[in-house]
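Here's the structure, in structure tokens; my notes come after.
The values are calculated or read from the model by the stated rules, or taken from the named source; none is laboratory data. From a predicted model like this one, the values you see are computed outputs, not experimental measurements. Cβ placement follows ideal geometry from the backbone for every residue including glycine, while neighbour counts extend to all protein chains displayed. When the accessible area is computed, the model is the full protein with side chains, heavy atoms only, and any ligands, DNA or RNA have been set aside. Shrake-Rupley method; radii C 1.70, N 1.55, O 1.52, S 1.80 Å.
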Amino acid sequence: MINIKYAVLQLIRRISTTFFIILQISLAFFLMFSVIEVKNSSGKILKAIERLYNDSSDMFTIFDLDRRNNENPERKKDIFKYLDENNYKHIISDKGFIYIDKNSNIKNLKEIFLPSMFSNEYYDGKKVELDYNGYKYFRLEIMEGRGFEESDFNKIEDEYVPVIIGNKLSKNFKVGDVFLALDKDMKSNKSFKVVGILKDNLSLLSPAGEYDIVDIEDYFIIPKREYKPFEIFDGKIFFGRKSSNLNNFKDRIEQNFGDMNVSVQVNLVDENLKNIEKALNTQKSINFITFIVVLLFSSVGFISSLLYSINKRLSEFGVHLMAGGTLMDIGKRIFAEVIIQISISFILAYRFRIYYLPYKMAIKDLYDAIIYAGVICLLISIIPVRNVLTINIDQLLKGRE
């Protein structure tokens, strides 16, 4: 406690230098938060991409280069006939909200869902409606309960709609739970029953296309029962047989459409996923390099400030030794100064991060940040503390004019 007391007094004594050091280290920590969050979140996305690679080898999207194709009934008929004849199946899905009735017999709903903007009587839950093709294709693995059966996708007036929940929702929902949510008509409630719980770390491609990878750990997966045949093919995800040469496959589809006087661009999903992976790794590298540069700059200033302070306080240290103190006591005091400044910098950076990015930092990310801050604190302390412990005692007792 005595070392901390004297450390605080010393920092107050040189308040201007302390302020600028804390400001620099705070900036470094703010960047560190970004590095950690990007690293952990992109790591999760990269795992999802690795899993989707196995499912995407025969997936592709078609982009219509002439919007008039959709205004020509005969041409659309030819297009869909071609897709059907070649057994190119289409994944039909929707991503949005499921409006859960607050009176549902499920505990602690308010802890995991926000009140709905649609109505105060409901909570907003996240959902993906997936057709049978999509459900089979993405191989959503079940941890508990059962998966969907083909009959679950039929339009039948049963007493409840079966749902599969993401792993995070298993803290509040269990297999067999029945809850109320708005039906398709958005006017009346419908009963939904949890039939299965997914394993963790599962993702799928959203209806927005292959550039939107959805982490479904906190989603409700609902069988898509009512839908009209899609009226446009642009940007939709298809899958079917591919040749071993992907470029030939891509060229062949474009040529087949060209034979129908339809100008399209075919994108292979697995190639786009690789581009996403490359972009994520590039972003991680940029963030890390920026953090290291700022940290080195601020650390050099921090260490230089401490060494200068030590050099100016030799007389003070001499008095401390004459009073029965030791070099180790002085080293502990210097270490306490580092801890105090690092701690204040960390708290300021975290507060600014909350203000600047108004969403909760994951517990794992915060835990990693605390560990890294501790390591940085130790590394910065090495040179100043070693400098104190190796000072000649005679020089300390003599002091400096």
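Annotations
- Residue check for Val161: under 19 Å from Asn201 (Cβ atoms) and in contact (Cβ under 8 Å) with a residue 40 or more places away in the chain: no
- Count of residues meeting criterion [open to solvent by 10 Å² or more (accessible area, probe 1.4 Å), touching a residue at least 12 places away in the same chain (Cβ under 8 Å) and part of a loop (DSSP other than H, G, I, E, B)] in the stretch 187-205: 3
- The lone criterion from (1) under 20 Å from Asp78 (Cβ atoms); (2) part of a helix (DSSP H, G or I) left unmet by Val266 is number (2).
- Restricting attention to the stretch 85-112, the residues that are part of a loop (DSSP other than H, G, I, E, B) and more than 18 Å from Lys193 (Cβ to Cβ) total 7.
- Any hit, the stretch 301-324, residues being closer than 14 Å to Ile383 by Cα and under 34 Å from the mean Cα position of the chain (by Cα): yes
- The set of residues in the stretch 254-289 being among the β-branched types (Val, Ile, Thr) and free of Cβ contacts under 8 Å to residues at least 24 places away in the same chain consists of Thr282, Ile286, Ile289.
- Annotation note: of Ser298, Ser315, the sole residue that is open to solvent by less than 90 Å² (accessible area, probe 1.4 Å), at pLDDT 80 or above and assigned to a helix (DSSP H, G or I) is Ser298.
- Once the stretch 333-368 is narrowed to residues that are basic (Lys, Arg) and crowded, with 16+ Cβ neighbours inside 10 Å, the residue that is farthest from Ser299 (Cα to Cα) is Arg353.
- Looking only at the stretch 318-332, and only at residues there that are assigned to a helix (DSSP H, G or I), over 30 Å from Met32 (Cα atoms) and not hydrophobic (A, V, I, L, M, F, W, C), the one that is least open to solvent (accessible area, probe 1.4 Å): Gly318
- Count of the stretch 189-238 residues, restricted to those that are at pLDDT 70 or above, closer than 24 Å to Phe80 by Cα and of a type in the set (Ser, Thr, Tyr), is 1.
- Among residues of the stretch 15-40, those that are within 13 Å of the chain's Cα centre (by Cα) and either farther than 14 Å from Gln283 by Cβ or open to solvent by less than 60 Å² (accessible area, probe 1.4 Å) (or both), counted: 7
- Some residue of the stretch 279-293 being more than 22 Å from Ile45 (Cα to Cα), small (Gly, Ala, Ser) and assigned to a helix (DSSP H, G or I): no
- Selection status of Met117, modelled with pLDDT under 80 and among the hydrophobic types (A, V, I, L, M, F, W, C): yes
- Just one of the listed residues (Asn256, Asn275) is within 29 Å of Lys76 (Cα to Cα), surrounded by fewer than 18 Cβ atoms within 10 Å (Cβ to Cβ) and at pLDDT 80 or above, and it is Asn256.
The rows are residues; the columns are (1) more than 28 Å from the chain's Cα centre (by Cα); (2) open to solvent by 50 Å² or more (accessible area, probe 1.4 Å).
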| residue | (1), (2) |
| --- | --- |
| Ile79 | yes, no |
| Glu85 | yes, yes |
| Lys102 | yes, yes |
| Asn105 | yes, yes |
| Gly125 | no, no |
| Ser170 | no, no |
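- Out of Ile21, Ile25, Ile79, Ile98, one residue alone is within 20 Å of Asp131 (Cα to Cα) and at pLDDT 75 or above. It is Ile98.
- Residue match in the stretch 369-391 (condition: under 30 Å from Ile36 (Cα atoms), at pLDDT below 85 and open to solvent by 20 Å² or more (accessible area, probe 1.4 Å)): no
- Of all residues making up the stretch 349-365, the number that are modelled with pLDDT of 75 or more, of a type in the set (Ser, Thr, Tyr) and over 20 Å from Val294 (Cα atoms): 1
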